[in-house]
1. Is it true that Asp28 is of a type in the set (Asp, Glu) and outside any strand (DSSP E or B)?
2. I need every pair where a residue in region 77-94 that is modelled with pLDDT of 95 or more has its Cβ under 6 Å from the Cβ of a residue that is hydroxyl-bearing (Ser, Thr, Tyr), sequence separation at least 6 or different chains.
3. Taking region 1-25 only, how many residues are within 23 Å of Arg87 (Cβ to Cβ), part of a strand (DSSP E or B) and among the aliphatic types (A, V, I, L, M)?
4. Given the conditions (1) loosely packed, with under 15 Cβ neighbours inside 10 Å; (2) touching a Phe, Trp or Tyr at 6+ places or on another chain (Cβ under 6 Å), and given that Asn43 satisfies all but one, which numbered condition is not satisfied?
5. What number of residues in region 46-64 are among the small types (Gly, Ala, Ser) and surrounded by 11 or more Cβ atoms within 10 Å (Cβ to Cβ)?
6. Any residue in region 65-73 that is touching a strand residue (DSSP E or B) at 6+ places or on another chain (Cβ under 6 Å), surrounded by 13 or more Cβ atoms within 10 Å (Cβ to Cβ) and in contact (Cβ under 8 Å) with a residue 24 or more places away in the chain?
7. Show the residue pairs meeting these rules: Cβ distance below 6 Å; 6+ apart or different chains; first residue within region 19-46 and within 15 Å of Ile98 (Cβ to Cβ); second residue polar (S, T, N, Q) and part of a loop (DSSP other than H, G, I, E, B).
8. Say we look at region 33-55 and pick out the residues that are part of a strand (DSSP E or B) and aliphatic (A, V, I, L, M); which of these is modelled with the lowest pLDDT?
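The values are calculated or read from the model by the stated rules, or taken from the named source; none is laboratory data. These figures come from a predicted structure and were not determined experimentally. Glycine also receives a Cβ, built like all others from the backbone with ideal geometry; neighbour counts cover every protein chain displayed.
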Amino acid sequence: MFAIVKIAGKQFKVEKDQTLYVPKMSGDAGSKVEFFDVVMADNNGNLTFSNSGVKISAEILSHVQGDKVIAYKQKRRKGFRKKKGHRTQYTKIRINDIA
């Protein structure tokens, strides 16, 4: 059984006991969250679409940072160089149940 769910504006294909990284969510590690915005769900070949009572329950495992992304700008012959970087914030969650 799997489902496609919208989490923070992005779609993820999730299965039971799967861990995944989603954009940073509010909540502490160990707290439970539920997602109701299910686009599609598959139950052994029976497809259901557009949020027909399907609920995804998950647990927040931790808050982590992604790899550093460097944004480098330069204009030739002008002596202009600018180097900036950032690390995107993610939340690691585990899918407990698809009901």
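1. The answer is yes for Asp28.
2. Note: pairs meeting the criteria are Lys83/Tyr72; Tyr90/Tyr21; Lys92/Tyr21; Lys92/Ser62; Arg94/Thr19.
3. Adding up the residues that qualify gives 3.
4. In the conditions (1) loosely packed, with under 15 Cβ neighbours inside 10 Å; (2) touching a Phe, Trp or Tyr at 6+ places or on another chain (Cβ under 6 Å), Asn43 misses (2) alone.
5. The total comes to 3.
6. No: zero hits.
7. Close Cβ pairs (under 6 Å, with a partner that is polar (S, T, N, Q) and part of a loop (DSSP other than H, G, I, E, B)) amount to Val38/Asn51.
8. Once the filter is applied, the top-ranked residue is Leu47.
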